[in-house]
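The values are calculated or read from the model by the stated rules, or taken from the named source; none is laboratory data. Values in this document were obtained by computation on a predicted structure and should not be read as measured data. As a convention, Cβ positions derive from the backbone with ideal geometry for all residues, glycine included, and neighbour counts pool all protein chains shown. Please note that ligands, DNA and RNA were not included when accessible areas were found on the heavy atoms of the full protein model with its side chains. Shrake-Rupley method; radii C 1.70, N 1.55, O 1.52, S 1.80 Å.
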Amino acid sequence: MDAFPVEVEIDIGAGMPPHRLVGLAEGAVKESLDRVKSALKNSGFEFPHRKMTINLAPADTRKEGSAFDLPLALGILAAQNVLKDRARLREYLVLGELALDGRIKGIRGALPTALLARSGKFAGVILPRENASEASVVGKGTAVLGVESLREAFEFLEGLRPLESTATDLTAVFGAAGKYDVDFSEVKGQEQAKRALEVAAAGGHNLLMVGPPGSGKSMLAARLPGILPPLEPAEALELGMLQSVAAGLRGGGLLRERPFRDPHHSASTPALVGGGIKGRPGEVSLAHLGVLFLDELPEFNRAALEALRQPLESGRASVARVNAHVTYPARVQLVAAMNPCRCGHLMEPSRACGRAPRCGLDYQGKLSGPLLDRIDLCIDVPPVSSADLALPPPAESSTDVAARVAAARAVQRERLEECDRKGKLLAVEADETAGLLADRVRNWSKPRCNADTDGAVLAAIAEPDAEGRALLTRAAERLGLSARAWHRTLRVARTLADLDGADSVRRLHIAEALSYRRPQPRQAMAA
Ligand SMILES: Nc1ncnc2c1ncn2[C@@H]1O[C@H](COP(=O)(O)OP(=O)(O)OP(=O)(O)O)[C@@H](O)[C@H]1O
Ligand SMILES: [Mg+2]
């Protein structure tokens with residue numbers, strides 16, 4: 001996700017063309033010279049008729065994309081001494097694709113490049129005007145100069161015309177908050193499931209819904225994005241970086257909505273966690289800061305699910321390529337849905353198949369314990385009763401729920417920032433990466449909501465009162481809670497208290513949190 005500077009070196013020597021472009025230029029870069037030639041001519045400049053050698057340094061790293069057009073054109077002008085102020089040219093990072101008539105078109109990766117410019121060595125970045133507002137979110141101190149034509153860039157560098165740095169205009173960059181065409185009020189009955197969804201959204205908890213076909217699991221999950229809080233500007237920037245690497249920013253701007261990714265269960269391991277020939281980010285990274293929804297969880301390829309364990313734990317996905325190691329952020333909220341058995345009706349004695357309860361055990365056994373262990377909330381979604389279906393839709397809409405969720409998240413953010421100031425957040429050990437990247441990696445791993453907290457931080461923020469502690473201790477003894485289940489209960493209880501507007505975690509919250517435990521298959525059988 002990080003940009004690195006590429007130096008364009010041009011030597012015009014004696015002799016006739018052909019020109020040579022060296023330095024592992026691939027794809028669109030190879031065709032660059034053709035565009036540059038026309039663009040230079042049509043902007044009133046000369047294209048040299050002598051042999052030209054162009055090197056893109058560092059020569060051992062692959063270069064892709066069309067963003068080298070503009071630096072190549074300016075470099076050729078400098079090599080011909082048409083552009084005289086070389087020192088000034090050196091101060092700026094330049095990128096942009098050229099149209100044949102000399103206009104400059106938008107490119108991918110403007111955001112990482114602008115961040116590189118901010119890292120200190122450059123006065124600013126010269127880039128296509130349509131990418132300027134997106135790049136400007138990197139903040140003050142970096143000149144973000146949007147240009148529309150080759151001539152404009154040339155005249156600026158020669159000091160013939162001033163260019164104004166694009167100021168951060170967050171409203172333009174972010175646009176309005178998302179609109180959703182599905183709403184909570186359409187779901188009838190299922191009060192427990194709706195409550196669990198609200199809790200999951202409020203604390204960023206992983207959620208598993210188990211129920212027979214047609215009970216509304218997929219329907220409920222589809223309504224989750226509508227109640228999640230919008231992204232903070234810094235988060236939107238972080239996500240934008242990732243998207244600009246993966247596919248380019250949709251509509252050229254940053255999004256305020258949290259991503260909601262729902263890969264099909266036939267997805268391969270690289271599709272889920274990243275990798276493949278180009279080392280692209282996978283679904284778990286594309287869902288960064290949002291929701292990864294895995295419908296029909298046991299149908300997923302086992303290896304792919306196991307590969308998700310590490311990103312779910314650490315908030316980042318490491319992708320190994322032949323010649324490099326890439327780390328993408330992957331701080332996601334996992335929401336999963338499944339049937340209790342292959343036929344789907346394990347819980348209803350009248351409809352269960354002849355193989356029950358064996359068939360339920362087999363089906364649920366496809367999921368590994370460690371994966372299920374990462375899931376804070378497990379709920380049953382029973383069939384909707386006909387009485388519920390006949391009722392008019394409930395009055396509560398997604399907007400109402402979203403308001404409560406946003407309030408609870410604001411409390412958590414405030415609290416975690418306070419913890420951070422006191423130095424309580426565990427510092428991520430120094431990564432193999434340096435400087436800016438290390439900063440960012442640390443940011444990815446920083447807890448942002450209750451679900452991300454663990455260890456000392458969790459103990460500090462979710463200490464229950466005496467009654468709550470007594471209940472938790474008793475439950476732990478009776479139910480044989482593991483250490484992890486203990487922490488999970490505390491995390492969820494903290495979120496419940498936040499939804500309540502309560503400062504401390506009380507008995508009531510612990511009790512509700514305990515009800516979201518995963519039912520053991522054997523208990524389910526007995527039921
Ligand atoms: N609680 C509900 N209120 C209103 N309509 C519902 C409800 N539950 C289900 N439906 C209707 O049933 C349809 C199927 O629901 P959905 O796809 O969410 O089921 P599911 O639990 O995901 O089933 P499966 O396990 O087969 O994937 C919905 O599109 C909706 O029309
Ligand atoms: Mg479904």
Surface accessible to a 1.4 Å probe, per residue, for the residues of segment 207-389, Å²: 39
Structure-based [θ]222 nm, the chain - -39500 (n - 2.57) summed over DSSP H runs of at least 4, per residue, nearest 500: -11500 deg cm²/dmol
Debye, to nearest 20: dipole size of the chain, +1 on Lys, Arg Cβ, -1 on Asp, Glu Cβ: 880
Over 32 Å (Cα to Cα) - which of LYS51/LYS105; LYS105/LYS446; LYS63/LYS366 fall in this group: LYS105/LYS446; LYS63/LYS366
Calculated SAXS-style log₁₀ I(q)/I(0) at q = 0.15 Å⁻¹ - segment 207-389, Debye, Cα scatterers: -0.90
Dipole of the chain, positive direction: furthest Cα of ALA3, ALA135, LEU93, with charges on the beta-carbon: ALA3
Solvent-accessible area, 1.4 Å probe, carbon plus sulfur percent, for the chain: 51
Computed FRET value (nearest 0.05) for ALA476 with LEU361, which takes r as the C-beta separation and R₀ as 25 Å: 0.50
Spatially proximal aspartates and glutamates relative to LYS188 (Cα-Cα < 17 Å; intrachain offsets below 8 disregarded): GLU198, ASP380, ASP388, GLU396, ASP400
Accessible area expressed per residue, segment 7-168, with surrounding protein chains retained (probe 1.4 Å, Å²): 47
Cα-Cα pairs of the chain separated by more than 42 Å (percent): 31
For segment 7-168, convex hull of alpha carbons as volume per residue, Å³: 101
DSSP beta bridges in the chain [antiparallel fraction, %, rounded to 5]: 35
Counting DSSP beta bridges with both ends in segment 207-389, the antiparallel % (nearest 5): 30
Average silhouette area of segment 454-506, convex hull of alpha-carbon atoms, in square nanometres: 3.4
